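Encoded as structure tokens, the structure appears first; notes follow it.
The values are calculated or read from the model by the stated rules, or taken from the named source; none is laboratory data. This one's a predicted model, so the numbers in the text were calculated from it and none came from an experiment. Reconstructed Cβ throughout: ideal geometry from the backbone, glycine too, with neighbour counts over all protein chains shown. To get the accessible areas, we keep the full protein, side chains included, count just its heavy atoms, and leave off ligands, DNA and RNA. Shrake-Rupley method; radii C 1.70, N 1.55, O 1.52, S 1.80 Å.
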Amino acid sequence: MGFRGFWNYRNLFLFVFANLLAVIFFNFHPAVAQSQNRVSLPFITAPGGTILVKIKVMGEPITCIVDTGTPYFMVLDETLAQNLHLQQIPMSSRLKFFIERQGEKTTRVIIPKIQIASFKYHDMSAVTAGDIRMLTGGASALTFPDFRAQGILGMGFFQAFHMILNYPEQKIVFYPSDVSSSFVDFSRPTVEVAANGNQFPFLLDTGSSHSVVSEKVVNALGMKRVVSQIPNPPFNGVAKANRLKIGSIHVRHVTMALSKNFSRYSGTYRLKGIIGYDLMRNLILDLNFSEGTIRLKKE
């Protein structure tokens, strides 16, 4: 999970679009394509690029966010956990993600039955959150009241797969491996961002609307600072580059949110930024978590 709700412009248009999207999606039950060696799961993107998929928890269909910035197998909405009569066990640690330290108190629940595409899980551990919308959308969650995600799928689930995330075709293809899913997984999907002979690790964050760069590496990447009015802290303007290499692909005319205190948010991970939806929207992500390889492909 990265920084969300950034640059909330064109609110009127997006409000209408979000409500229309919600009506279509929440009354739509996507077909899951399956072959012997792979499973394909369709998704839609909410305003800001958040990926939404349909899964089943205890036989009930719910909408989940696909978030490579979340270490847990699943984060479940607290109210939903109560409605499903799941016992909530208080945890001494607080809710945390790879970048943001939410600091929110959380509980652990055991979910008897979960179905994600054709994958079925029994007695899986998850954590709860008070308001999934606020965790994933910031202020935009209030702007778009029909953004009704009730859960988040994170790296605890994804790390068991070789996964192709195809933004242009809006589908995720899963290739199962011998690795098992787990309650929490702190391996991070990172990619090197390079320019001027320098390169730095950035988090590939499917839950982040916009890309972010630490102020500490702006000069090394040849980026230029631009002062602007940013509604949401901790941004300090934007940084622009004529050209950056992200993984194996070259991207021109790049704009990223500038964070003065990024190292504080990334903790001990030594990350220098986030690659968000704005730079991934036309890409195909080949994420082989079971083997630890990541490849980016243009459409």
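Do we find a residue being modelled with pLDDT under 90, open to solvent by less than 20 Å² (accessible area, probe 1.4 Å) and under 26 Å from Phe186 (Cβ atoms) anywhere in segment 274-296?
The answer is no, given that none of the residues of segment 274-296 is modelled with pLDDT under 90, open to solvent by less than 20 Å² (accessible area, probe 1.4 Å) and under 26 Å from Phe186 (Cβ atoms).
If a residue must be outside any loop (DSSP other than H, G, I, E, B), within 14 Å of the chain's Cα centre (by Cα) and under 23 Å from Ser40 (Cα atoms), how many such residues does segment 167-212 contain?
2
Taking interchain pairs and intrachain pairs at least six residues apart, which have beta carbon atoms under 6 angstrom, with the first residue in segment 94-120 and closer than 20 Å to Asp205 by Cα and the second modelled with pLDDT under 80 and among the acidic types (Asp, Glu)?
Leu95/Glu104
Can you find even one residue in segment 188-200 that is closer than 30 Å to Gln115 by Cα and either modelled with pLDDT under 90 or in contact with a helix residue (DSSP H, G or I) (Cβ under 8 Å, 6 or more places away or on another chain) (or both)?
Yes, some residue in segment 188-200 is closer than 30 Å to Gln115 by Cα and either modelled with pLDDT under 90 or in contact with a helix residue (DSSP H, G or I) (Cβ under 8 Å, 6 or more places away or on another chain) (or both).
Could you list all residues from segment 49-93 that are in contact (Cβ under 8 Å) with a residue 60 or more places away in the chain and acidic (Asp, Glu)?
Answer for segment 49-93, where residues must be in contact (Cβ under 8 Å) with a residue 60 or more places away in the chain and acidic (Asp, Glu): Asp67, Asp77.
Could you look through segment 207-234, keep only residues that are buried (at least 22 other Cβ atoms within 10 Å of the Cβ) and modelled with pLDDT under 95, and pick out the one that is nearest to Gly49 (Cα to Cα)?
The extreme case among them is Ser209.
If you go through segment 135-166 one residue at a time, how many are within 17 Å of Leu76 (Cβ to Cβ), modelled with pLDDT under 90 and part of a loop (DSSP other than H, G, I, E, B)?
3
Inside segment 167-184, can you point out the residues that are modelled with pLDDT under 80 and open to solvent by 70 Å² or more (accessible area, probe 1.4 Å)?
Asp178, Ser180, listed by residue number.
Among the residues of segment 46-93, which ones are of a type in the set (Val, Ile, Thr), in a strand (DSSP E or B) and either in contact with a Leu (Cβ under 7 Å, 6 or more places away or on another chain) or buried (at least 16 other Cβ atoms within 10 Å of the Cβ) (or both)?
Ile51, Val53, Ile55, Val57, Ile62, Thr63, Ile65, Val66, Val75
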